[in-house]
1. With at pLDDT 95 or above, among the basic types (Lys, Arg) and part of a helix (DSSP H, G or I) as the only criterion, which of 36, 109 stands out?
2. If you take the residues in region 61-90 that are at pLDDT below 90 and not aliphatic (A, V, I, L, M), which one is surrounded by the most Cβ atoms within 10 Å (Cβ to Cβ)?
3. Tell me, please, whether a residue that is at pLDDT 90 or above, in a helix (DSSP H, G or I) and of a type in the set (D, E, K, R) can be found in region 22-32.
4. Mind listing whichever residues of region 2-55 are more than 26 Å from residue 94 (Cβ to Cβ), buried (at least 16 other Cβ atoms within 10 Å of the Cβ) and in contact with a Gly (Cβ under 9 Å, 6 or more places away or on another chain)?
5. Between a first residue in region 136-155 that is closer than 10 Å to residue 76 by Cβ and a second residue that is β-branched (Val, Ile, Thr) and outside any helix (DSSP H, G or I), which pairs have beta carbons less than 7 Å apart while being 6 or more apart in sequence or on different chains?
Amino acid sequence: MATQLPKESFLAIAAVAWADGRMKKDEAAGLQRAAKENGLDEEGLAAVAATADEKVELDGLDLGGLNDWQGALTYAFANWLARLDGVVNAEEVKSLRALGERTGLADRKLQAARSAAFDVAMLPGGDRPDKYDFAAVEERLKEKLPATYNASVPPASLE
């Protein structure tokens, strides 16, 4: 993953994963791996690891510090993770809707994030990958929201 996401993003994704009443071992392992690849510090990694056993609620998370790209990426990851078991139930839909509202993103950006998640889920092996390939979701979202991504990238310094 190229984008650095804060601990709150991974906790929000975990909250959506818990919406169906459980966090599967492979979901927890994939989320922990993504958090580690993202470079979270020890405290962040411990918080993400704890979500394997303890339900996380969106209401307890502060997502106000996310920029639009981080919000879109968090929302796309949560959508993709919710799809992996083949069923997005009513509670997951409700949780995803709440996450979308909490990001403050425009509807078109939320739709692009859902679409990116769907596109990756439909790839051969995309619905049940051996490892959770968050990078593929990020790459697809960059194609769908290039201006939002570009706005999040600091300009190159001139030397």
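1. 109
2. Only one residue tops the list, namely 80.
3. no
4. 38
5. Note: pairs meeting the criteria are 138/3.
The values are calculated or read from the model by the stated rules, or taken from the named source; none is laboratory data. Given the structure is predicted, the values throughout are model-derived calculations rather than measurements. Here the Cβ is made from the backbone with ideal geometry for all residues, glycine too, and neighbour counts use every protein chain on show.
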